Amino acid sequence: MIRVIVVDDHPIFRRGLIALLRAHDIEVVGEAGNGLEALEIVTAESPDVVLMDISMPDLGGIEATERLLALDPAARVVVITLHDDEATVARALAAGASAYVTKQSSPEQILAAVQAAADGALWLGPGVPRPLPSRPQPVQETTTALPGLTPRESVIADLVSRGLPNPVIAERLHLSVKTVANYVSIIALKLGADDRASLAQQVRAARS
């Protein structure tokens, strides 16, 4: 059973999400009205998925996502918000979110996002724009950053291109397998790759 925490500063909407999840045999192990409360609950409960609003008092959802994943890299964050602009989507994915849906989404779409995140996949709800590729950033690791990817994404992309599976990449980089799977999904999205093989081919071509 998927274990979920619901984070939203509007109690009525939060309770609606909780009712939806419980009606579909998803265990809700906590709820919070802001990012700071969410971090406390994540530390105590180690959920599989966190449903996270963005605009909240004290600590917003994007910064909370970054802190949350630093505490528990195995957790998956599904952003659920009113915002559907490219910049906000890109910021949320860069912070480590696994899925992004709007509050106008149907119950089926929200449930699909939670399931996809729990399965280690990247999921963008209908109408959510694909993020624009980010500009190359200063290299923090031995691999030169590929255009449109961060240095860490470039390292993982190189390892994928060498045929290494996610568990091996996770061991080398001291990450969880779920975190590596999340990175691979984001890299494929940014590069427009349909599968792991085409992703690897694109990386090798860029390096040649």
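The values are calculated or read from the model by the stated rules, or taken from the named source; none is laboratory data. This one's a predicted model, so the numbers in the text were calculated from it and none came from an experiment. Here the Cβ is made from the backbone with ideal geometry for all residues, glycine too, and neighbour counts use every protein chain on show.
Tell me, yes or no, whether region 85-104 has at least one residue that is of a type outside the set (D, E, K, R) and within 13 Å of Val4 (Cα to Cα). Checked against the condition, which is being of a type outside the set (D, E, K, R) and within 13 Å of Val4 (Cα to Cα), region 85-104 yields no hits at all.
Scoring His83 on the criteria (1) buried (at least 18 other Cβ atoms within 10 Å of the Cβ); (2) free of Cβ contacts under 8 Å to residues at least 60 places away in the same chain; (3) not in a loop (DSSP other than H, G, I, E, B) leaves a single failure, condition (3). The number of residues in region 44-61 that are more than 13 Å from the chain's Cα centre (by Cα) and assigned to a helix (DSSP H, G or I) comes to 2. Only one of the numbered conditions (1) modelled with pLDDT of 90 or more; (2) in a helix (DSSP H, G or I); (3) within 21 Å of Ala116 (Cβ to Cβ); (4) among the charged types (D, E, K, R) is violated by Asp25, and that is (2). May I ask you to verify whether Thr88 is more than 24 Å from Ala23 (Cβ to Cβ) and out of contact with any Ser or Thr (no Cβ under 9 Å at 6 or more places or on another chain)? It is false that Thr88 is more than 24 Å from Ala23 (Cβ to Cβ) and out of contact with any Ser or Thr (no Cβ under 9 Å at 6 or more places or on another chain). Taken as a whole, the structure leaves Ala64 outside the set of residues that are within 12 Å of the chain's Cα centre (by Cα) and of a type outside the set (Phe, Trp, Tyr). Screening the candidates Pro167, Pro151 for the property of being within 19 Å of Ala75 (Cβ to Cβ), surrounded by fewer than 21 Cβ atoms within 10 Å (Cβ to Cβ) and not charged (D, E, K, R) yields one hit, Pro167. Only residues that are in contact (Cβ under 8 Å) with a residue 40 or more places away in the chain, crowded, with 19+ Cβ neighbours inside 10 Å and over 15 Å from Ile110 (Cα atoms) were counted across region 2-57, and they come to 3. Quick check: is even one residue across region 85-94 modelled with pLDDT of 95 or more and under 19 Å from the mean Cα position of the chain (by Cα)? No, that holds for no residue.
Residues considered: Ala74, Ala64, Ala92, Ala97. Of these, the only one that is in a loop (DSSP other than H, G, I, E, B) and crowded, with 24+ Cβ neighbours inside 10 Å is Ala97. Looking at Glu141, Glu153, just one residue is modelled with pLDDT of 80 or more, closer than 22 Å to Ala70 by Cβ and among the charged types (D, E, K, R), and that residue is Glu153.
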